[in-house]
Each structure stands twice: as structure tokens, then as C-alpha cells.
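J.: The structure that follows is given in the form of C-alpha cells.
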Amino acid sequence: MKPLPLAFSVFLLIVMIRFTTPSLLPFLGQLMHVDTSIEGLLVTAYWVGYTAFMIPSGAVVERAGVKSAIIAGIALAAIFVLFPLFIDSYDYILMLQFTAGSLSSLIYVFLVSLIVATQRRSGLAVGIFQSAFFIGSSISIAVTPLLFSFNYVIPFISYGIPLIPLTALLLGVGGEGREQASSPAINAGVVGMGLIRFAAGFSYLGFVAWSTYYSVHVLGATHSMSGVYAFTSTALGSIGTIIGGAVGDRLGYVAPSVFGSSMIAAIVLIIYWLPLPFQEVFMAIMGFMYGFYASPSLASSKSSTRISSVSAFLNFMTQLGGTASPYLIGRMLGLLGFASAFAILGVTSMALIITGSLLLRRPG
């Protein structure tokens, strides 16, 4: 199997696993008898593990390559299948989420480095690869609550078991850790792009993590249909990521990255105040823009001789934003409500984008 379709398939399943817990927030709080203010920590735990292991994963992939990714993938599948045994235990799910995030981090760094290094049109290739994020998250958000309502074991088996044979197939694509580590991985431009990715993760991933909850408490959806309402926030991302990658290949990777991230922040800032039909429309635009920004910003790592380390840092910054925001939103909801929480997310993201854009203009 060729690298791009295989990487796409593995990443698709990992994303479906990643969004299972956010999709089930309306159920989990009741099952575990926990308050909303700490329910968001179940999502944040995944991002903490994912983020904490992102930069170390870059070093591991540079040295060990595909073998490390295969071990991590099989371990992730096994852990995810165990989730139903502890579904009513807040503490155990918290620990399993952290572990799942840590393993997913290493697999992702290997996959994106493989695509950037082996594909001629890196922006378009990363766009196709990243479209798995939006397809997988859309499926998971829309379908997982329905499957869980039918039988709580089904989503964990359905997403976890197929990951084992697909991950094993990575052995045939190479990637044995041959990158050069002589040059520095991080410069002002990489930091600037990192801030732009942090801003997008902070606003968009925070919104998506609470999208089913938002659909229930603001848009009026039932618990079982909350994923269908939230589906629009990811539905167009797969189109956006392919278009953004193609635009980046032709016009450069900076402009589409800045534009897409800025649009996300602006939408988060205003969406609560819009009438219901317009909220759904702008949720769809936000998903498109996340894809539009994501692929060119990652493809920019191709300019480095240390692709794994740079792509790991860039994704680390996105996940750092996505790690903080679900928990912060949960805390703010208890004190301020959605309007103020989203305003803080949007304004903070805008400030980070401006700072990152200024760093991107500096040489070296």
C-alpha cells in the first residue's frame, strides 16, 4: 500500500478515537456524576498527553522511524478497546485519555513526516492527509453518540480493532529514522508559524471539544442528536485542507496559514450572537478554514532538514492551544457563560496571530 493512502487510513482511525470522548460529554458527566467544570478535563487529558509527547516524538521518529509508530499504534488500539470497562470511572478514563494522547502523538509525527518527505507536492499531499482529521472527526462526532446510545461498547470496538492491522502495514513504507540532526530545528519563522497554529488550536479545538455540549445547551439539540448538530463544525474541513494545501504549493505557505487562522478566531468571537441558521453556516465555514490553514502550515516544515522535529513542534503548538482551551472553557462556563468564554478565546487568538505574523517577517 502506498504511503499517502495508508497514512490517511491510519490517521482517520486515530482521529475517530480522539473525538470519541468529546462526543460523549453529554453522557459521561451523568454516568460519572461529575460537575461540568471538571468534565472538560477528560478532553484536556488527551491533549496533555498528546502535547507533552509531541516534541519527544519528533526525536524518537528521527532515530527509530516506523518501528516506534507500529508499537505505538498497536498499544493505542489495545488501550482504547479497554475504555468500556472503565466508562463510569472518571479517574480511570482520565488516565486512559492521557495515555491514548501520548501514543497518538508519536504516530502522528511519523505519518506527517512521512508525507512531507516523500510527496513532491507537499502542500496538496498534507492536505489530503489532513482531510482525514475532518472526515474522522465528523464521523465520530455525528455517529459516536448514536452508537453509544445503542450499546456503549460498539464505538470502542469499531474504531480500535481495525487500527491494529492498518498500523502493522506501515512496516512496508520505510522511514527508518535517517534525518540529519546537525542543523537547528527552530528559528524565528518556525516560532511565528507555531504561534499561528497555537491560536487556531486554542480557538477551533476548544470549540469542537464542546460542540456537542454547545448543541444541547445553546442550539437545543437532544443528547443523542447533539453530534448531528455539531457535525457542521468539521464537515467542510476535508475540502478546506486540500484547497489550502494546493494554494500553499502555488502561492507560498504563510498567507493561507495566517488567513485561515484569523478567520477561525473571528468566527469564534461572534458566533454566539448569531441566529441559529447562521450559527450552523459559520460553524461550517470555521471547519473549512481550519483545514485551509492546517495543511500549508504543516507543509512549511519541508524547508527544514529536520522535518520530524519541525513538524512535531508545529503540531505541538496547535495541541498546546487545544489542550488548554477545553478545560478553560469548562471553567469559564460556570462563571461567565458561552458568550464571554468565546470572546476571550477569539481575542486571545487574534493577538497570537498578529505576534506570529510579525515573527514570520523576520529573517532566520
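J.: Considering the alpha-carbon set of the range 15-75 alone, what are its Rg and its Dmax in angstrom?
T.: 15.2, 45
J.: Further question on the same structure: Determine, for each peptide in 207-215, 345-353, the mean count of other beta carbons within 10 angstrom over its residues, then list the peptides with the highest first.
T.: Per-residue Cβ counts within 10 Å, averaged per peptide and sorted highest first, yield 207-215, 345-353.
J.: In Å, what is the Rg of the alpha-carbon atoms in the range 283-326, and how long is Dmax?
T.: For the range 283-326, the Cα-based Rg and Dmax read 12.1, 37 Å.
J.: Which distance in nm do the two modelled labels at L335 and A78 give, with both placed 7 Å along the Cα-to-Cβ direction?
T.: 4.2
J.: If eta is 1.002 mPa s and T is 20 °C, what Stokes-Einstein diffusion coefficient results for the chain, Kirkwood Rh from Cα pairs, in µm²/s?
T.: Reported coefficient: 108 µm²/s.
J.: Based on the Kirkwood radius over alpha-carbon pairs, what value in µm²/s does the Stokes-Einstein equation return for the translational diffusion coefficient of the range 68-128 at 10 °C and 1.306 mPa s?
T.: Rounded, D is 121 µm²/s.
J.: Follow-up question, since we're still on this one. Which cross-chain or sequence-distant (5 or more) residues have an amide H under 5 Å from the amide H of R121, H modelled 1.01 Å from N in plane?
T.: none
J.: Starting from the exponent 0.38 and prefactor 2.2 Å, build the expected Rg for the range 83-229 from its residue count and divide its actual Cα Rg by it.
T.: 1.27
J.: Suppose a student asked you for the relative contact order of the chain, using Cα pairs under 8 Å spaced at least 6 residues apart; what percent would you report?
T.: 28
J.: Taking the alpha-carbon set of the range 215-325, what are its Rg and Dmax in Å?
T.: My reading of the Cα-based Rg and Dmax gives 15.7, 50 Å.
J.: With n ≥ 4 as the cut-off for DSSP H runs, can you work out [θ] at 222 nm for the chain, using -39500 (n - 2.57) per run divided by the number of residues, rounded to the nearest 500?
T.: Computed ellipticity for the chain at 222 nm equals -25000 deg cm²/dmol.
J.: Long-range amide H contacts for A221: which residues qualify at under 5 Å (H placed 1.01 Å from N, peptide plane, sequence gap of 5 or more or a different chain)?
T.: V216
J.: Which helices pass in the chain if a helix is a full DSSP H run, must span at least 30 angstrom along its long axis by Cα, and must have mean Kyte-Doolittle hydropathy not below 1.0?
T.: Span-like helices here: 90-118, 122-150, 338-360.
J.: Can you tell me the order of 15-21, 295-301 when each peptide is scored by its average per-residue count of other Cβ atoms within 10 angstrom, highest first?
T.: Output ranking for 15-21, 295-301: 295-301, 15-21.
J.: Moving on. Starting from a Cα-only point model with no solvent, please compute log10 I(q)/I(0) by Debye for the range 27-143 at q = 0.10, 0.16, 0.17, 0.20 1/Å.
T.: -0.37, -0.86, -0.95, -1.17
J.: Give me Rg over Rh for the range 251-309, both radii from the alpha carbons and Rh done the Kirkwood way, two decimal places.
T.: 1.15
J.: What Kirkwood radius, in Å to one decimal, follows from the Cα pairs of the range 308-350?
T.: With all distinct Cα pairs of the range 308-350 included, I get 11.4 Å.
No lab work stands behind these numbers, since they all come straight from the coordinates. Quick caveat: nothing in here was measured; it's all calculated off a predicted structure. With ideal geometry, Cβ positions are generated from the backbone for all residues, glycine too; neighbour counts draw on all protein chains shown.
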